[in-house]
Amino acid sequence: MALSSLSSVLWALLFVAAQVILSAGYNKCVARNFGYDSVVCECNSTYCDSIGSVSLPPLGQFSSYLSNIAGSRLEASQGEVRANSTGERLRLTIVPYQKYQKIRGFGGAMTDAAAINILSLSAGAQEQLLRQYFSSEGIGYSVVRVPMASCDFSTRLYTYADTPGDYDLHSFTLAPEDINMKIPLLQRAQALSPRPLSLLASAWSAPAWMKTNGALTGKGSLKGQPGGKEHKTWAQYYVRFLEEYAKYNLTFWALTTGNEPSAGMMTNYSFQALGFTPEEQRDWVSLDLGPALHASSYPHTHVLILDDSRILLPHWAKVVLSDIHAGRYIHGVAVHWYLDSVVPPDISLGTTHDLYPEYYLFGTEACAGWNPLNKGVMLGSWDRAEQYAHDIIEDLNHYVVGWTDWNLALDPNGGPNWVKNLVDSPVIVDATRDVFYKQPSFYSMAHFSKFLWEGSQRVGVSASGETHLEFSAFIRPDGSLVLIILNRSSSDILFEVWDPPVGYIPSTAPAHSLLTLAWKRQ
């Protein structure tokens, strides 16, 4: 009898423990090693590791989330805030009265390739993948960049108005890629998201018949001059795109003036591009795009200029934003991460912010594996996760309000891509096994996107001495504080955080790790 009642108690305890684990939502990573410096987490139609919904402990305690080269993935723990210093040599002091920019959001791109890969999975695995990015138990993506017609991550070249001479855009029509793939997936992502998604549109090329080179690829720009019929038609093309997507209940927060305008100035450029000089972009916005949007049903759609590498700043911003006729239609400056390593953030992002503080800076594209020396997919690369985290922290510390990854999902080769410009992605789909792999870079994104809600404001942090740690701190709209710390060194680093109204938080950043600390302040 005693044995039987003990057994009942044990079963009851196990049941309660299981419920606690399920309510926390945390499932462990199913790790797979493909021979690089860390692991991927494998997911299928019935199982995927997840951090779940995150809630903070009471005042006086803190939460910690750790990912590292050794295989931890958003590993959660809690600790006590202390009244007195731990005496560690390194102290990070929160300076809450130093206030900077507010966060808009984080996300990725629903390219044709991403949609093809997601839809290559079974219905259950598709749902798992979308939940990982967009649901409340996922990593909180709120931004989705949507290419307008084809880009290199398409399987064919097309625009929405390929009939020559159609200046009134009578033939304008969305592609099967939009109607059958991207739109249904965006609708599903929106249904999973606890908040409205911020959709961001970017065009790669105008129809060939509008262009000086008569082709979607290579060196070419719009025929004629800003204010002329090609430029006006190209502005109306944007409005028509917004109108067509609105029929599917998808409205866009913002659009860019065109993907990488510098590419369209390069002879023999290999994929879709449309060249603009900053002067041409300025005049097109002031004479054509701005007035067209203003007169449309979408006058509040944000316009972001540049959409190219920050090596072009601050010059590009000076040319465009110094003109009041263009400036009144513009909300921000979009930057890509390519070449960031050769351009100091202070002289590009910092100077642009100082000159034009009323315009925000927004990261619109980044991917690993783009460099010819280190190309394609590397399953389990921690080094690439560190590249992401380093760039995001550097951008955040220089006034950037959001950061958008490139393809949401790619295949094991890094495609499909019609010109074989194969790169990496945080999610790699293996349709032959009906599984997808969450790369270390997926978790790198999560350390930011899961915790930095829209409206979170960056505040000051000062280190007591020289350190290898990289960090950025934010006060969220509910008053809680989030501190994100990257350790790219090969040694563990002990430190403490001092938040004056709260106390001292003892912590360790293990070698090659990313750490998010969060605590209530009131």
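The values are calculated or read from the model by the stated rules, or taken from the named source; none is laboratory data. Here the structure is a predicted model, which means the values were calculated and not measured. All Cβ positions, even for glycine, are placed from backbone atoms using ideal geometry, and neighbour counts span all protein chains on display. We work out accessible area using only protein heavy atoms, side chains counted, and drop any ligands, DNA or RNA first. Shrake-Rupley method; radii C 1.70, N 1.55, O 1.52, S 1.80 Å.
Would you pick out the residues in region 424-464 that are part of a helix (DSSP H, G or I), touching a Ser or Thr at 6+ places or on another chain (Cβ under 6 Å) and not aromatic (Phe, Trp, Tyr)?
First, the residues of region 424-464 that are part of a helix (DSSP H, G or I): 440-449.
Subsequent filtering for residues that are touching a Ser or Thr at 6+ places or on another chain (Cβ under 6 Å) retains 440, 443, 447.
Hits for region 424-464 are PRO440, HIS447.
Residues checked against (1) touching a helix residue (DSSP H, G or I) at 6+ places or on another chain (Cβ under 7 Å); (2) surrounded by fewer than 23 Cβ atoms within 10 Å (Cβ to Cβ); (3) more than 18 Å from MET110 (Cα to Cα):
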position	(1), (2), (3)
ALA206	yes, no, yes
TRP209	no, yes, yes
THR212	no, yes, yes
LYS247	no, yes, yes
ASN259	no, no, no
SER262	yes, yes, yes
LEU274	yes, no, yes
ASP283	no, yes, yes
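Take the residues in region 348-376 that are open to solvent by less than 10 Å² (accessible area, probe 1.4 Å) and of a type in the set (S, T, N, Q); name whichever of them is nearest to PRO440 (Cα to Cα).
Here the residue is THR364.
Go over the candidates SER462, SER444 one by one and state the one that is among the hydroxyl-bearing types (Ser, Thr, Tyr) and more than 30 Å from ASN413 (Cα to Cα).
Exactly one residue qualifies, and that residue is SER462.
So which residues in region 308-347 are surrounded by 23 or more Cβ atoms within 10 Å (Cβ to Cβ) and over 19 Å from LEU255 (Cβ atoms)?
If the condition is that a residue be surrounded by 23 or more Cβ atoms within 10 Å (Cβ to Cβ) and over 19 Å from LEU255 (Cβ atoms), then ARG310, LEU313, TRP337 are the ones that fit.
So SER297 passes all but one of these: (1) under 26 Å from THR155 (Cα atoms); (2) assigned to a loop (DSSP other than H, G, I, E, B); (3) over 26 Å from the mean Cα position of the chain (by Cα). Which condition number does it fail?
(1)
Tell me, yes or no, whether region 158-171 has at least one residue that is crowded, with 21+ Cβ neighbours inside 10 Å and in contact with a strand residue (DSSP E or B) (Cβ under 7 Å, 6 or more places away or on another chain).
no
When you scan region 442-453, do you find a residue that is open to solvent by 30 Å² or more (accessible area, probe 1.4 Å) and either more than 23 Å from MET181 (Cβ to Cβ) or among the hydrophobic types (A, V, I, L, M, F, W, C) (or both), even just one?
Yes, because at least one residue in region 442-453 is open to solvent by 30 Å² or more (accessible area, probe 1.4 Å) and either more than 23 Å from MET181 (Cβ to Cβ) or among the hydrophobic types (A, V, I, L, M, F, W, C) (or both).
Count, please, the residues in region 33-51 that happen to be in a loop (DSSP other than H, G, I, E, B), surrounded by 18 or more Cβ atoms within 10 Å (Cβ to Cβ) and out of contact with any Cys (no Cβ under 9 Å at 6 or more places or on another chain).
Qualifying residue count, region 33-51: 2.
So which residues in region 140-155 are within 15 Å of the chain's Cα centre (by Cα) and assigned to a loop (DSSP other than H, G, I, E, B)?
Result: GLY140, TYR141, SER142.
Give me the residue from region 455-471 that is within 14 Å of ASN487 (Cα to Cα) and within 22 Å of the chain's Cα centre (by Cα) and, out of that set, surrounded by the fewest Cβ atoms within 10 Å (Cβ to Cβ).
Among those residues, the one meeting the criterion is GLU470.
Please verify whether region 184-191 includes one or more residues that are touching a Pro at 6+ places or on another chain (Cβ under 8 Å) and either touching a residue at least 24 places away in the same chain (Cβ under 8 Å) or more than 23 Å from GLY414 (Cα to Cα) (or both).
yes
Given the structure, is SER444 touching a helix residue (DSSP H, G or I) at 6+ places or on another chain (Cβ under 6 Å), within 28 Å of PRO344 (Cβ to Cβ) and in contact (Cβ under 8 Å) with a residue 40 or more places away in the chain?
On the way: touching a helix residue (DSSP H, G or I) at 6+ places or on another chain (Cβ under 6 Å): yes; within 28 Å of PRO344 (Cβ to Cβ): yes; in contact (Cβ under 8 Å) with a residue 40 or more places away in the chain: yes.
When the stated conditions are applied, SER444 passes them.
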